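Below: one structure, written as structure tokens.
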Amino acid sequence: MSLNSLTSKTTLSAGNTDYTIYSIPVAGRALGVDFARLPFSLKILLENLLRNEDGETVTREDINAFATWMKNKNE
């Protein structure tokens, strides 16, 4: 279960089924980073970090490091 420290957890409804997702745009706003142009493969890795944030294996610092890398690569 994710700690959801960026409050990115939301529900996506498709047909008659609801799915739990971790919104990359919501996480980006919380971190001050625009992830819109992030390659699809890195979006999958980021969503995996958000989904598995447990404070031990994946920490908020890990997610912050990803965001810092993203900010610095655009400079």
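Observations on the structure shown:
- Solvent-accessible area per residue in the chain equals 67 Å², computed with a 1.4 angstrom probe and all protein chains kept.
- Convex hull volume per residue for the chain, taking Cα atoms only, in Å³: 91 Å³
- Share of carbon and sulfur in the accessible heavy-atom surface of the chain [1.4 Å probe, %]: 51 percent
The values are calculated or read from the model by the stated rules, or taken from the named source; none is laboratory data. No experiment lies behind these values; they were computed from the predicted model shown. Just the protein is used for accessible areas: all its heavy atoms, side chains included, with ligands, DNA and RNA removed. Shrake-Rupley method; radii C 1.70, N 1.55, O 1.52, S 1.80 Å.
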